[in-house]
Amino acid sequence: MGNTGIIGGFHRLSEWIMRFSVSNILWILCNLPIVLLIVVIKYGLQSTSLLHLIIPIGILAPFVFFPATTALFASVRDWMIKDKDRPLVKQYLLYYRENYRNSVLVGLILTVIWCVWLSNLLYYQTENTILFFAFCVFGILLYVVTINVFSIMSHFQLKLVRLLRMAFVTTIGKPLLTLMIFVINVLFIYGSLVAPLFVTLFFSISLLAFLSFSIFYKLYLRVISGELNGDVG
């Protein structure tokens with residue numbers, strides 16, 4: 001008998017819960033140095049000491065955060081498109097190894113851009129209100145660009161320049177997509193902060209990756225559908 005009815009529904013639900021929880025834990029483990037630094041920031045240090053932790057986080061991000069997050073998005077993409085029953089840990093580590101080099105290269109570039117943005121934001125916070133708000137808007141766009149980079153890397157095999165160009169063009173050229181990704185991410189991050197700790201540990205980042213890639217993939221399907229309809233017409 002197939003997995004139908006209530007039993008089948010519970011089976012599929014448990015399968016997705018397992019996917020999200022295992023992938024979330026793997027992501028946290030791969031980001032453990034950064035996670036520990038963030039915990040220290042949140043619970044241990046005064047604001048005058050934040051710079052001493054932001055710098056090592058910036059150094060670690062290209063080599064830790066970007067490969068781990070790329071592997072997470074690739075795993076999410078695999079669930080949605082291939083829908084194969086692969087071992088979760090093996091799947092995640094496979095994507096981690098396969099994409100490590102490209103993830104580091106992209107991470108180095110984006111981390112530099114993020115550092116330049118942050119330094120300008122902090123400077124203009126007291127020097128120029130208009131430029132401060134301009135950099136706030138740029139920060140929103142840069143955040144969505146970063147999310148789109150992960151989605152594009154997990155779905156396409158592109159060279160570095162083309163990958164970044166596609167992420168920027170998608171972000172600027174699709175304002176509704178940009179707004180949806182940003183709003184959903186903000187709401188979800190806020191929800192994770194106020195939710196019980198087990199939700200953050202087992203579901204926060206993996207669900208966020210799933211929602212972000214889902215929005216991107218639906219846009220991709222619409223674009224492909226439009227091209228096919230144009231060819232038929």
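Return a yes/no flag: does segment 161-182 have any residue that is at pLDDT 90 or above, of a type in the set (D, E, K, R) and within 18 Å of the chain's Cα centre (by Cα).
yes
Among the residues of segment 145-169, how many are touching a residue at least 40 places away in the same chain (Cβ under 8 Å) and crowded, with 18+ Cβ neighbours inside 10 Å?
Residues flagged as touching a residue at least 40 places away in the same chain (Cβ under 8 Å) and crowded, with 18+ Cβ neighbours inside 10 Å within segment 145-169 amount to 10.
So how many residues does segment 125-143 have that are among the charged types (D, E, K, R) and touching a residue at least 40 places away in the same chain (Cβ under 8 Å)?
Of the residues in that region, 0 qualify.
What pairs come up if the first residue lies in segment 173-197 and is over 16 Å from T146 (Cα atoms) and assigned to a helix (DSSP H, G or I), the second is β-branched (V, I, T) and modelled with pLDDT of 90 or more, and their beta carbons are under 8 Å apart, counting only those six or more places apart or on different chains?
From residues that are over 16 Å from T146 (Cα atoms) and assigned to a helix (DSSP H, G or I), there are no pairs.
Restricting segment 51-63 to residues that are out of contact with any helix residue (DSSP H, G or I) (no Cβ under 6 Å at 6 or more places or on another chain) and among the aliphatic types (A, V, I, L, M), which is modelled with the lowest pLDDT?
Result: L51.
Would you check if V223 is at pLDDT 90 or above, surrounded by fewer than 17 Cβ atoms within 10 Å (Cβ to Cβ) and over 14 Å from the mean Cα position of the chain (by Cα)?
The answer is no for V223.
How many residues does segment 82-98 contain that are within 21 Å of F156 (Cβ to Cβ) and at pLDDT below 85?
Summing the residues that are within 21 Å of F156 (Cβ to Cβ) and at pLDDT below 85 in segment 82-98 gives 4.
Are there any pairs, at least 6 apart or on different chains, whose C-beta atoms fall under 8 Å, with the first in segment 79-90 and at negative phi and the second exposed (fewer than 10 other Cβ atoms within 10 Å of the Cβ) and modelled with pLDDT under 85, and if so, which?
none
With (1) surrounded by 12 or more Cβ atoms within 10 Å (Cβ to Cβ); (2) out of contact with any helix residue (DSSP H, G or I) (no Cβ under 8 Å at 6 or more places or on another chain); (3) of a type in the set (V, I, T); (4) more than 22 Å from L105 (Cβ to Cβ) as the list, and V137 as the residue in question, which single condition is left unmet?
Failing condition for V137: (1).
Could you say whether any residue in segment 52-62 is closer than 17 Å to L163 by Cβ and either of a type outside the set (S, T, N, Q) or not in a loop (DSSP other than H, G, I, E, B) (or both)?
yes
Filter segment 65-104 down to residues that are among the aliphatic types (A, V, I, L, M) and over 15 Å from the mean Cα position of the chain (by Cα) and give me whichever is nearest to L211 (Cα to Cα).
Selected residue: M80.
The values are calculated or read from the model by the stated rules, or taken from the named source; none is laboratory data. These figures come from a predicted structure and were not determined experimentally. Positions of Cβ are backbone-derived with ideal geometry, glycine not excepted, and every protein chain shown enters the neighbour counts.
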